[in-house]
Amino acid sequence: MKLGQHLPTPPIILVNPHFPVSAAWCYRHLKAEEISKANVEDLSCLITAATQKNYAALGKLIHNDLAAANFQKFPLLQIIRDFLLEQGASGVEISGSGPTIFAVAPNFAALPRMVTACREKFPDCLIFCTQPDNE
């Protein structure tokens with residue numbers, strides 16, 4: 001990937017359960033043993049997967065050290081995560097300090113079905129998805 005080149009937009013679904021999570025709370029509950037040791041090779045694999053539109057690999061590479069505390073305190077987030085995986089997401093993670101969940105879909109064709117399923121299962125959540133780049 002060349003400097004200044006942008007990564008293609010991946011097929012992502014976002015599910016916001018409509019309640020706040022304090023970033024300060026999240027960081028206070030981050031346990032040292034849960035902090036991953038990411039390295040340049042991990043980032044390189046993530047960029048390669050995104051560039052090659054290998055969404056199965058991309059989903060397996062996403063990670064957020066702040067997720068564990070959210071999943072423990074808010075069972076709904078784990079329920080949403082499990083549901084998205086059942087719907088075929090290749091990876092599901094919490095965005096930032098939460099509570100929004102994002103999932104990498106296998107492809108853009110799967111997004112409408114996944115959005116509909118989530119809206120039926122979680123009608124009180126805000127649900128969005130990405131659109132493919134115009135190529």
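Considering each of ASP82, ASP124 in turn, give the residue that is part of a loop (DSSP other than H, G, I, E, B) and among the charged types (D, E, K, R).
Values: ASP82 fails: part of a loop (DSSP other than H, G, I, E, B).
Exactly one of ASP82, ASP124 is part of a loop (DSSP other than H, G, I, E, B) and among the charged types (D, E, K, R), namely ASP124.
Would you check which residues across segment 57-75 are part of a helix (DSSP H, G or I) and either open to solvent by less than 60 Å² (accessible area, probe 1.4 Å) or among the hydrophobic types (A, V, I, L, M, F, W, C) (or both) and list them?
At the first step, the residues of segment 57-75 found to be part of a helix (DSSP H, G or I) are 57-61, 67-73, 75.
Result: ALA57, LEU58, GLY59, LEU61, ALA67, ALA68, ALA69, ASN70, PHE71.
Hey, can you tell me all the residues within segment 26-56 that are open to solvent by less than 80 Å² (accessible area, probe 1.4 Å) and touching a Ser or Thr at 6+ places or on another chain (Cβ under 8 Å)?
CYS26, ASN54, TYR55, ALA56
Across segment 112-135, what is the total count of residues that are free of Cβ contacts under 8 Å to residues at least 24 places away in the same chain and surrounded by 11 or more Cβ atoms within 10 Å (Cβ to Cβ)?
As a first pass, look at segment 112-135 and keep what is free of Cβ contacts under 8 Å to residues at least 24 places away in the same chain: 112, 116, 119-120, 123, 134-135.
Next, from what is left, pick out any that are surrounded by 11 or more Cβ atoms within 10 Å (Cβ to Cβ): 112, 116, 119.
The qualifying residues number 3.
Residue check, GLY98 against (1) touching a Cys at 6+ places or on another chain (Cβ under 7 Å); (2) at pLDDT 95 or above, all met but one. Which one?
(2)
Give segment 76-95 a look and list any residue that's of a type outside the set (Val, Ile, Thr), open to solvent by 30 Å² or more (accessible area, probe 1.4 Å) and at pLDDT 95 or above, or say none.
Keep residues of segment 76-95 that are of a type outside the set (Val, Ile, Thr), which gives 76-78, 81-91, 93, 95.
Keeping just the survivors that are open to solvent by 30 Å² or more (accessible area, probe 1.4 Å) gives 76, 78, 81-82, 85-88, 95.
Hits for segment 76-95 are LEU76, GLN78, ARG81, ASP82, LEU85, GLU86, GLN87, GLY88.
The values are calculated or read from the model by the stated rules, or taken from the named source; none is laboratory data. For clarity, every value in this text was computed on a predicted model and none was experimentally measured. Cβ coordinates were reconstructed from backbone atoms using ideal geometry, including for glycine residues, and neighbour counts include every protein chain displayed. To get the accessible areas, we keep the full protein, side chains included, count just its heavy atoms, and leave off ligands, DNA and RNA. Shrake-Rupley method; radii C 1.70, N 1.55, O 1.52, S 1.80 Å.
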